[in-house]
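See below for the structure under consideration.
Values quoted throughout were computed directly from the atomic coordinates according to the rules given, and no laboratory measurement underlies them. Just so it is clear, the structure is predicted and the values come from calculations on it, not from any experiment. Note that we place each Cβ from the backbone using ideal geometry, even for glycine, and neighbour counts take in every protein chain shown.
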């Protein structure tokens, strides 16, 4: 089985399970977040040797999990925002991968050799598309008109969230580069470890919670 096939198979299994535990709420969500915290901490302390890297990763992880918990349980709007940023982060990652493979443009940075300018553009394009998906989901669940989410500010938020996700990816790549490692673990075939999979999301949910607190969503 190729690495791409492993990546797809893992995503098909892990993504629905993650969404299930978040949607169910209550003890399901709490247990899920605790599991992520324990596994990710194990990775951080077993793979990374630099104390500053470990402290940074652990602090970011805890803040992101707390952000997920509050967004999940605060209001219906915060819950919608949480689901959107999860979808958007995945869309950003997929868009970057597809455009990076299709269009062999200039490399973005030495920190992550696989990152290209075309991949960055692909991430933005797919993230913008997630705004329409957000409207569809809200209309399906609540019956509200999907056009309320097609205002300029939601597309601006999509760009900001995508930029945050890509920056988070580069930050984790930089920390791995300092340690001279490719992956943070082997738990997720085709992806690596927990931090390899949630590198963008842990930064996005923190930013999303800040924006929600500032009443920039909905």
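Some observations on this one:
- The listed peptides 163-175, 125-137, 95-107, ordered by packing as a protection proxy, come out as 163-175, 125-137, 95-107 (highest mean of other Cβ atoms within 10 Å first).
- The order of 75, 29, going from fewest to most other C-beta atoms within 10 Å of their C-beta, is 75, 29.
- Label-to-label distance for residue 52 and residue 74 is 3.2 nm, based on points extended 7 Å past Cα in the beta-carbon direction.
- Rg over Rh, two decimals, the chain (C-alpha only, Kirkwood Rh): 0.95
- Normalised by 2.2 N^0.38 Å, where N is the number of residues, the C-alpha radius of gyration of region 30-159 stands at 1.26.
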